[in-house]
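The values are calculated or read from the model by the stated rules, or taken from the named source; none is laboratory data. Computed from a predicted structure; not experimentally measured. In this analysis, Cβ positions are derived from the backbone assuming ideal geometry, glycine residues included, and neighbour counts consider all displayed protein chains. Please note that ligands, DNA and RNA were not included when accessible areas were found on the heavy atoms of the full protein model with its side chains. Shrake-Rupley method; radii C 1.70, N 1.55, O 1.52, S 1.80 Å.
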Amino acid sequence: YVAAVYEHESILSPSPAALVERRSALELMGRNLDVYEQQVLAAARQGAQIIVFPEDGIHGFNFTRSSIYPYLDFIPHSHSGKWNPCREPYLFNDTEVVQRLSCMALKNKIFLVANLGTKQPCERSDPRCPPDGRYQFNTNVALAADGTLLATYRKHNLYFEYAFDTPPEPDYAFFDTPFAGKFGMFTCFDILFFEPAVNLIRQYNLKQIVYPTAWMNQLPLLSAVEFQQAFATAFNVNILAANIHHPTLGMTGSGIYTPVKSFIYHNMESYGGKLIVAEIPVITTDYKTNLEKTPGRVSEKGKEQSPPSFYAEMMYDNFTFVPVWGEKGELQVCANTLCCYLNYQRAVLTDELYALGVFDGLHTVHGTYYVQACALVKCGGLSFSTCGQEVTDATALIDFQLWGNMSTPYIFPLLLTSGITLDFADHMGWKNNHYFLSKNRTSSGLLTAALYGRWYEKD
C-alpha cells in the first residue's frame, strides 16, 4: 500500500501561556490546518491511501492547563457510534478542528491520522475528575476515506505535558482499512513503555502502526529515526511515524518503516515541512521465525585481557565502558547482571575513539524506566570523558558482532551511521540465551550499534 507521513513545522503561538478566545485559537490552528490541507492533496495525488500528521502539529506546545482550553475540540470517545464530522458538523459543539480534518479525508478519499487537544466534561462524583470539571487529553484521531471518525486514542505516557490529563485506563486504539487491515495507534513517549504500545500490538496481533510524535532527539541511543526503526524491527511491524520539525528544539526525524527497509527524513539544517510517500508491503507473516535459524558464532568469552574499564555518563545514565582499541579484538564489559561482548575488526584504523558500554539499571531523568543496554558508540573526542556525548559524524567502518545476556525479551536493535542515517544488521536474534547483532561493513561511518533492552517489569 502507499503511505504518507508529513513532518510539519508548526506555526506556534507566540505566547502559549496567554489566555485567548476560542476565535483566535481557531485562527492559529487554521493556519496549520491550511498546510495540512495542501499536504493531504499532494499525498493523494501521489497515490497515498493513508497520511499521518505529527503530535502537537495543529495547536503547538508549552501551554498551561487553562491556556490550552480554547484550543480543545470536543470529541466523543470513539465508542459512541459512527460520526462523520464533515457531513454532520451540527452533532456536537466545538468540533471545528476535527470537522476540517474529516473534510480533508473525505475530499481526497484518504485515511487520515492527526493529533489534537480534546476536552471531556466530567462529573464531580468521578474521583479522578480534575477541579475544573473537565478532562483534557492529548488525542489522536483516525478518519476514514469518507470522513468518518474511526478511532480516537488519548495519550497515556505524558512527557511533561501539564496541560493534559492521563486517561483513567490505557486506550487500545486501532482501526481497520481495506488496503492493509488493522492499524494500531499511539503517541510519542508511549513508544518506550509496555502500556499501551506493546500490549496493544501483542493483544491484537497488529502489523501496522501510526505514530504521531513530537520527539526531541537524544543521541547516541534515542534519536527519533533510530528508535522508530528499532521498534519496527523489534516488533516486526510497519510504522508510519510523523514528527514535528523544529531544529532549534532538536525536533526532526520522521519516516515510513518496515522491518527491513526505511524511508526517513532527518534534517537539522533547514526549515519547512517534508512529505514522505512510500509504497510498502503489508506484513502478514512473522519474520521472527527466521531469527531463530540465524547462524552466528557466539564466541567463547573474551580470553584476552580486556583494556581498562572506565565510567562515563551517556543519556544521563552512568555507563561502564571499555575502549575499543586497535584493528581488531574481543571485549567484554559487565554491570549488575548484564555482560556485553564485542568482536570487531576495523577496515582502516582511523583516529576515532570508540567504546563498548553497558548499563543495567533504572533510568530516572525525563521519565523513569528500566534499561538494559549494550552499546558500541563513537566518542565525542579522544579522551574517555567524551564517550557518551552526542556525535553526528563518523568515518570508521567496523565489522562487528555484539551480544549480551539480556534478561528481557524486549530488545531494540539500534544501528546508526554517519549523518544520522540508518543501516540494517546482517543477523540478529537470540542464541544460547544471548541476544546478538552482527554487521559486516556499515554503509557509512558507525555512530552507534546497540542492543537497547527495556525491562518493563522493573519500571
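Hey, what did the chain get for relative contact order, percent, Cα under 8 Å, at least 6 apart? Don't jump to the answer; show the numbers that get you there.
Working: 1160 pairs, mean separation 56.6, N = 459.
RCO, the chain: 12 percent.
Probe of 1.4 angstrom, ligands and nucleic acids ignored: what's the accessible area per residue over the chain, in square angstrom? Don't skip to the answer; put the middle values down first.
Working: 18120 Å² over 459 residues.
That works out to 39 Å² per residue.
About the centre of its Cα atoms, the range 319-443 shows a dipole size close to 220 debye [charges on the beta carbon of Lys, Arg (+1) and Asp, Glu (-1) only; nearest 20 debye].
Overall, the accessible surface of the chain at a probe of 1.4 angstrom is composed of carbon and sulfur to the extent of 52 percent.
Taking 7 Å steps out from each Cα toward its Cβ at Thr392 and Lys182 produces label points 4.0 nm apart.
In the chain, taking the dipole from charged Cβ atoms about the Cα centre, the farthest positive-side position among Gly181, Met428, Leu415 is held by Gly181.
At a threshold of 8 angstrom on Cα-Cα distance, excluding pairs fewer than six apart, so keeping six or more, what relative contact order does the range 107-220 reach in percent?
Details: 196 pairs, mean separation 22.4, N = 114.
After rounding, I find 20 percent.
Shape analysis of the range 339-459 places it in the oblate category; the axes a ≥ b ≥ c from the Cα gyration tensor give an a/c of at least 1.5, with a/b not above b/c.
Count charges around Leu106 for me, please; just the other residues with Cβ under 11 Å from its Cβ, Lys/Arg as +1, Asp/Glu as -1. Could the numbers behind the result be given before it?
Details: positive: Arg87, Arg100, Lys107, Lys109; negative: Asp146.
Counting the neighbours of Leu106, the net charge comes to +3.
Annotation for the range 411-459: trypsin sites (Lys or Arg not before Pro) lying in DSSP loop with at most 15 further Cβ atoms inside 10 Å of their Cβ are Arg441.
Averaging the Cα positions of each part gives two centres, and for the range 308-330 and the range 111-164 these lie 44 Å apart.
Assigning unit charges at the beta carbon (Lys, Arg +1; Asp, Glu -1) and nothing else, what dipole magnitude in debye, to the nearest 20, does the chain show about its Cα centre? Before the final figure, lay out each step's value.
Working: 34 positive and 44 negative charges, 172 e Å.
It comes to approximately 820 debye.
Round to the nearest 0.05 the FRET efficiency obtained for Asn405 and Asp351 when R0 = 25 Å and r is the Cβ-Cβ distance.
According to the calculation, E is roughly 0.15.
Checking the a/c ratio against 1.5 first, then a/b against b/c, what shape does the Cα gyration tensor give for the range 121-241? In terms of gyration-tensor shape, oblate. Think of the chain as having a plus end and a minus end, set by charges on the Cβ of Lys, Arg, Asp and Glu; of Pro220, Val98, Val322, Val98 sits farthest toward the positive end of this dipole. A crude spin-label estimate for the pair Asn267 and Asn433, with each label 7 Å from Cα along the Cβ direction, gives 5.0 nm. Cα gyration tensor of the range 2-279, axes a ≥ b ≥ c as square roots of the eigenvalues: rounded (a/c below 1.5), prolate (a/b > b/c) or oblate? Here the range 2-279 falls in the rounded category. Report the FRET efficiency, 1/(1 + (r/R0)^6), for Tyr456 and Leu382, where r is their Cβ-Cβ distance and R0 is 51 Å, rounded to 0.05. Taking R0 as 51 Å, the efficiency between Tyr456 and Leu382 is 0.85.
Using 0.36 nm times the number of residues separating Lys328 and Ser15, minus their current alpha carbon distance, what extension gain do you get? If you can, show how the numbers build up before the last one.
Details: separation 313, 0.36 × 313 = 112.68 nm, distance 5.51 nm.
Fully extending the segment from Lys328 to Ser15 adds 107.2 nm.
Around Phe183, under 12 Å between beta carbons, what's the net of Lys plus Arg minus Asp minus Glu among the other residues? Mind dumping the intermediate values first?
Working: positive: Lys182, Lys207; negative: Asp176.
My count for the surroundings of Phe183 gives +1.
Across the range 319-379, the mean sequence separation of Cα contacts (distance under 8 Å, 6 or more residues apart), normalised by length, yields a relative contact order of 32 percent.
Available extension along the chain between Arg45 and Ser24 is 4.4 nm, counting 0.36 nm per residue and deducting the alpha carbon span. The Cβ shell under 15 Å around Gly357 holds other residues with a net charge of -3, Lys and Arg each +1, Asp and Glu each -1. Placing a label point 7 Å from the Cα of Glu313 along the Cα-to-Cβ direction, the residues of the range 376-401 with a backbone N closer than 14 Å are 385-390.
Among 145-151, 92-98, 176-182, 363-369, how do they line up by average Cβ neighbours within 10 Å per residue, starting with the highest? Provide the component values of the computation, followed by the final result.
Values: 145-151: 20.3, 92-98: 18.6, 176-182: 14.6, 363-369: 12.7.
Ranked from most to least packed, the peptides come out as 145-151, 92-98, 176-182, 363-369.
Taking every protein chain into account, the 1.4 Å probe leaves Thr392 with about 60 Å² of accessible area, to the nearest ten.
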